[in-house]
Amino acid sequence: MKIDGQCHCGAIAYEAEVDPDNVAICHCTDCQSLSGSAFRTSIAVPDAAFKLIAGEPRNYIKTAESGAQRIQSFCATCGSPIYATSVGGGPKTYNVRVGTVRQRDKLVPKRQYWFRPAQGWLSDIRNFPRIDKQSP
């Protein structure tokens with residue numbers, strides 16, 4: 001499936017060829033903190049299938065509890081997280097942040113990782129009161 005996306009301000013844009021079965025939710029505390037949310041949704045993309053077409057993201061190297069390091073790439077202007085990838089050379093996989101993908105409604109998560117720190121209230125979310133849009 002062909003996708004394209006950009007950060008909130010449009011300074012960084014990309015395109016990729018993806019397998020929709022590679023969409024996952026991560027509940028780890030790093031993803032909660034870095035996304036500013038209860039979890040993060042990403043799609044794994046091999047480096048040969050990912051292309052930046054505008055801008056250059058800023059990078060932050062995160063060290064996980066395990067000691068593994070990951071590059072977190074984001075827009076320096078608006079702060080939108082774009083992807084994460086490995087440190088160093090060699091073939092990479094880009095974990096593209098689904099919230100920046102224009103076709104995000106077609107990318108349904110197929111699995112969840114690091115579920116132990118998941119927020120307990122997530123199972124009740126369908127029962128929460130809903131507001132469909134901003135009032136004038």
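Read the figures in this text as sums done on the coordinates, not as results from a lab. All values reported here derive from a predicted model rather than from experimental measurement. Counting neighbours? That spans all protein chains shown, and the Cβs are built from the backbone with ideal geometry, glycine included.
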Completion exercise
Filtering GluC sites (Glu not before Pro) in the range 1-108 by DSSP loop and by at most 11 other Cβ atoms within 10 Å leaves Glu65
Completion exercise
Listed by chain and number, the aspartates and glutamates with an alpha carbon less than 18 angstrom from that of Lys133, same-chain partners under 8 positions apart left out, are Asp105
Practice task
Please order Ser123, Ser135, Ser86 by the number of other Cβ within 10 Å, starting at the fewest.
Solution key: Ser135, Ser123, Ser86
Fill in the blank from the handout: Contour minus Cα-Cα span, Gln112 to Thr63, at 0.36 nm per residue, comes to 15.6 nm
Handout entry: Dipole of the chain, positive end: most advanced residue of Gln6, Gly88, Pro57 [Cβ charges, Cα centre]
Key = Gln6
Fill in the blank from the handout: Checked against the structure, the computed P(r) over Cα pairs in 10 Å bins from 0, in percent among [x] 12, 44, 34, 10, 1; [y] 11, 46, 38, 5, 0; [z] 11, 40, 36, 12, 1, 0 is the one labelled [z]
Practice task
Compare Arg40, Arg102, Arg126 in a GNM of the chain, Cα atoms joined below 10 Å, and give the one with the largest fluctuation.
Solution key: Arg126
Practice task
Specify the residue with the greatest mean-square fluctuation among Gly36, Gly67, Gly79, computed from a Gaussian network of the chain linking alpha-carbon atoms under 10 Å apart.
Solution key: Gly67
Handout entry: Efficiency of FRET between Glu17 and Glu56 - r from beta-carbon atoms, R0 25 angstrom, step 0.05
Key = 0.70
Exercise for the section: Excluding residues on the same chain fewer than 8 positions from Lys62, give the aspartates and glutamates whose Cα lies under 15 Å from its Cα. Expected result: Asp30
